[in-house]
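Remarks on the structure that follows.
The values are calculated or read from the model by the stated rules, or taken from the named source; none is laboratory data. Since the model is a prediction, treat every value here as computed from it, not as a measurement. As a convention, Cβ positions derive from the backbone with ideal geometry for all residues, glycine included, and neighbour counts pool all protein chains shown. Accessible surface is based on the protein model in full, side chains and every heavy atom, while ligands, DNA and RNA are left aside. Shrake-Rupley method; radii C 1.70, N 1.55, O 1.52, S 1.80 Å.
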Amino acid sequence: MKEINIRDIRKSAAELISDGWGLVTAGNEEKFNTMTVSWGALGEIWGKDAAFVFIRPQRYTFEFIEREEIFTLAFFSEEYKDALKICGSKSGRDIDKIAATGLTPVFTDGGVTFGEAEYTVICRKMASQFIDPLGFEDKDIEKNYPSGDYHKVYIGEILKVYAK
């Protein structure tokens, strides 16, 4: 992995997060969990480059991101879609996602990424808050929450970015 500037990524955040999928991972060398991330953004807030991710409280990764200061975003080429589907549809409580996907964990900068990732973004949590449905101006948003399990948004300062 080679360290690069976030501005050197030649794909838009929409391509990385929405179209290409990625993984959000938190934990340490002893225990970590990862899940697909398809809701999020990359940008700037409070004078810092930042990543925004949304995680429901019932997801196993939620426990890890709550506990850890560092989380990572790893973005992959098309050939890893099947592996990422497993990470998004199966719980780390029930299966060993690393064994099931064949992905290679890489521990760096206090976080966990994967050797196969095209890009890795290392983030330090700056803020987090549950989405409050009272703030929904567009009432159609509520249909995403039939069980009332609102996401928690995490805002992370981008500390480093790596390219494969």
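Observations on the structure shown:
- Point-to-point label distance, Lys81-Trp39, nm (Cα→Cβ direction, 7 Å offset): 2.3 nm
- Centre separation in Å (Cα based) which lies between the stretch 106-148 and the stretch 51-95: 9 Å
- For the pair Lys143 and Ala127, the difference between a 0.36 nm per residue extended length and the Cα-Cα distance amounts to 3.2 nm.
- Global dimensions of the stretch 30-100 from alpha-carbon coordinates: Rg and Dmax equal 13.2, 40 Å.
- Cα-based Rg of the stretch 68-126 normalised by 2.2 N^0.38 Å, two decimals: 1.14
- Fraction of accessible area attributable to carbon and sulfur, the chain (%, probe 1.4 Å): 48 percent
- Computed over the chain, the convex hull of the alpha-carbon atoms projects to a mean area of 9.6 nm².
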